[in-house]
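Student: Following this message is one structure expressed as structure tokens.
The values are calculated or read from the model by the stated rules, or taken from the named source; none is laboratory data. These numbers come from a predicted model, not from an experiment. All Cβ positions, even for glycine, are placed from backbone atoms using ideal geometry, and neighbour counts span all protein chains on display.
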Amino acid sequence: MSRLASAPRAVASASARASAIGLIAADWRRMRGTWILPLTVLGPLGVTLLGVILFLLRGEYMLKPFLAGEVSGWRVAIDQLGMVHIFALGLGAALIASMIVDVEHRSDIWKQLFGMPVSRAKTYVVKFAWAAVLLAVSSALMSVGYAAIMVWQDLGPLPWADLARAAWLPWVAALPLLALQLLLSTAIKNQAVPLAAGIVAPMFGMGMSRIPAWMPWRLMTEAMTSVAGGAAAGGPGEALTWYSQSQVVSASGLSILVLVTLGAAMLAHREIR
Amino acid sequence: MLRMLKVELMKMQWWLVGLLAIGGPALAVLLGVNPGAETGAEAWKLAYGYATVRYSWLFYPLLAGVFAALVCRPEHVGGGWKQLLALPVSRTTVYGAKLVTLAGILAVTNLAFGAVFVAAGMVSGLGAGVPWSVIGMSMLAGWVAVLPLAAVQLWVSSRWKSFGAALALNVCLTLPAIFAAQSHEFGPWYPWAQPLLAMSPFASDQTGSTALNVAPMTLWVVIVGGFVVSLIGGLVTFARADVRQ
């Protein structure tokens with residue numbers, strides 16, 4: 001008897017699993033033809049190239065404190081690129097969030113998609129997960145870029161722990177901004193609005209901004225400061241709050257939870273015309 | 001041309017343009033307001049220097065891209081290009097009207113930046129000695145310097161449907177500006193660094209130039225030359241484009 005009763009439930013859960021995988025695969029197919037994937041690779045490559053040009057131009061000057069033994073090779077690399085790194089990550093989050101829902105907005109795929117038996121909330125969460133994965137790839141490639149610069153410039157043995165932290169901590173700190181941008185990009189059809197909000201982000205991280213440190217725009221600067229082990233990413237006169245690693249992670253986790261839930265609920269209750 | 005311009009102006013989403021053109025510069029200024037600091041002409045100049053870095057390195061060039069995409073949006077949505085170009089207007093006129101609209105909006109944005117800065121400076125107590133000529137020249141020079149960038153963005157935005165793709169290109173070209181601006185060899189040559197360089201209140205001290213804050217070579221080759229090249233490129237592309245929707 002109990003076996004009979006549980007059978008439909010088993011079928012239901014199997015189809016739910018299939019649909020989750022289906023959603024993930026569907027997003028991948030829709031993404032393949034767009035600029036998102038090249039951008040994920042080109043972004044970090046661009047920042048690394050910038051570092052290469054910088055060392056070619058002003059290498060002697062930049063290497064002086066390292067050669068004198070005052071700072072580590074790692075600090076030389078991250079001091080130069082840290083700020084551009086987080087700005088690229090922040091702007092990249094806005095771009096990925098916009099591009100990942102662009103197809104749905106432009107061809108009114110929302111209507112067709114939700115005419116099918118798929119969960120709206122799940123669709124939203126899958127999109128966020130995809131965007132987060134793409135940003136993670138970018139962030140990991142950034143660390144590869146740092147490592148490449150350090151090997152090329154002979155900046156001493158590679159600091160594996162620092163490189164790993166530079167890959168994951170700014171990424172975690174960028175996720176709330178990604179969640180916020182995805183919320184805006186999904187809610188508003190005209191992508192000029194969320195993207196305009198996105199290009200404001202670097203202004204907050206550029207120094208002397210007095211917004212609380214837990215807010216998405218500031219959190220990335222805090223993370224980079226923690227990664228660099230000092231005020232590398234700050235601008236002139238910036239008062240840094242010095243968030244620790246665990247503070248960055250918990251602030252980020254809480255913001256993600258709130259923003260993704262909000263976005264999923266909003267998409268679930270929206271009238272699709 | 002004038003009628004075409006009028007049509008363009010009618011099509012703009014003014015609430016959004018207004019929000020961006022005034023809200024953005026206001027944010028750039030207000031994030032840096034630092035009351036209780038020193039007063040006088042030097043303090044004004046220093047505060048203006050910080051405000052321009054926040055505003056003209058990333059925000060202003062990127063905003064030019066957003067506005068370029070916004071100017072093309074009515075046509076990208078719902079097959080507008082086909083309808084517009086089926087009318088007895090030349091494609092050059094259509095493109096020209098869009099570029100003039102774009103340049104006008106960018107001028108207003110820069111004026112808003114100057115106005116908000118002066119107002120914020122007065123309220124936060126920077127005192128007397130507003131460097132009007134420095135701020136005025138900076139606003140004009142910044143606007144001229146952003147025009148080639150705007151022309152490039154209009155070029156791609158008139159062809160690409162996706163806001164994201166056009167902005168991605170813009171971001172990739174604008175991020176290196178801060179490094180280019182710091183370099184004496186590359187700074188004068190990199191177009192995306194010019195708004196930042198030209199708007200700095202210390203620009204004329206460095207370049208020794210009184211004409212739009214940049215060296216004459218930069219002005220004519222990089223800014224004017226860049227503008228002409230991207231304008232012609234955009235026009236040719238637009239005139240030959242196969243419009244399907």
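Student: Tell me, please, whether a residue that is farther than 30 Å from residue A:186 by Cα and buried (at least 16 other Cβ atoms within 10 Å of the Cβ) can be found in segment A:93-106. Give the derivation first.
Tutor: From segment A:93-106, those farther than 30 Å from residue A:186 by Cα are none; that's our starting set.
The answer is no, given that none of the residues of segment A:93-106 is farther than 30 Å from residue A:186 by Cα and buried (at least 16 other Cβ atoms within 10 Å of the Cβ).
Student: Further question on the same structure: For segment B:137-174, name all the residues that are outside any helix (DSSP H, G or I) and buried (at least 23 other Cβ atoms within 10 Å of the Cβ).
Tutor: B:158
Student: Restricting the search to segment B:15-30, which residues are touching a residue at least 24 places away in the same chain (Cβ under 8 Å) and surrounded by fewer than 19 Cβ atoms within 10 Å (Cβ to Cβ)?
Tutor: Hits for segment B:15-30 are B:16, B:22, B:26, B:30.
Student: Could you count how many residues in segment B:215-228 are within 17 Å of the chain's Cα centre (by Cα) and either among the basic types (Lys, Arg) or surrounded by fewer than 19 Cβ atoms within 10 Å (Cβ to Cβ) (or both)?
Tutor: 3
Student: For residue A:75, only one of the following conditions fails: (1) basic (Lys, Arg); (2) within 11 Å of another protein chain (Cβ to nearest Cβ); (3) buried (at least 17 other Cβ atoms within 10 Å of the Cβ). What is its number?
Tutor: Only one criterion is unmet by residue A:75, namely (2).
Residues checked against (1) touching a residue at least 24 places away in the same chain (Cβ under 8 Å); (2) buried (at least 19 other Cβ atoms within 10 Å of the Cβ); (3) assigned to a loop (DSSP other than H, G, I, E, B):
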residue: B:32; (1), (2), (3): no, yes, yes
residue: B:53; (1), (2), (3): yes, yes, no
residue: B:82; (1), (2), (3): yes, no, no
residue: B:89; (1), (2), (3): yes, no, yes
residue: B:92; (1), (2), (3): yes, no, no
residue: B:99; (1), (2), (3): yes, yes, no
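This table checks each residue for (1) out of contact with any helix residue (DSSP H, G or I) (no Cβ under 7 Å at 6 or more places or on another chain); (2) assigned to a helix (DSSP H, G or I); (3) modelled with pLDDT of 85 or more.
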site: A:25; (1), (2), (3): yes, yes, no
site: A:50; (1), (2), (3): no, yes, yes
site: A:70; (1), (2), (3): yes, no, no
site: A:83; (1), (2), (3): yes, yes, no
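Student: Among (1) more than 11 Å from chain B (Cβ to nearest Cβ); (2) at pLDDT 85 or above, which single condition is residue A:38 missing?
Tutor: Going through the list (1) more than 11 Å from chain B (Cβ to nearest Cβ); (2) at pLDDT 85 or above, residue A:38 breaks only (1).
Student: Which one of the conditions (1) of a type in the set (S, T, N, Q); (2) at pLDDT 90 or above; (3) loosely packed, with under 15 Cβ neighbours inside 10 Å does residue A:185 fail to meet, given that it meets all the rest?
Tutor: The number of the failed condition is (3).
Student: Residues in segment B:108-136 that are of a type in the set (A, V, I, L, M) and surrounded by fewer than 18 Cβ atoms within 10 Å (Cβ to Cβ): how many? Even if it seems obvious, please write down each step before you answer.
Tutor: Within segment B:108-136, the subset of a type in the set (A, V, I, L, M) is B:108, B:111-112, B:115-116, B:118-120, B:122-123, B:126, B:128, B:130, B:134-135.
Adding the requirement that they be surrounded by fewer than 18 Cβ atoms within 10 Å (Cβ to Cβ) leaves B:108, B:111, B:115, B:119, B:122-123, B:128, B:130.
Count: 8.
Student: Could you please tell me which pairs satisfy a Cβ distance under 9 Å, a separation of 6+ or placement on different chains, a first residue in segment B:151-179 that is under 19 Å from residue B:233 (Cα atoms), and a second residue that is of a type in the set (S, T, N, Q) and part of a loop (DSSP other than H, G, I, E, B)?
Tutor: These pairs meet every condition: B:161/B:245; B:165/A:34; B:167/A:191.
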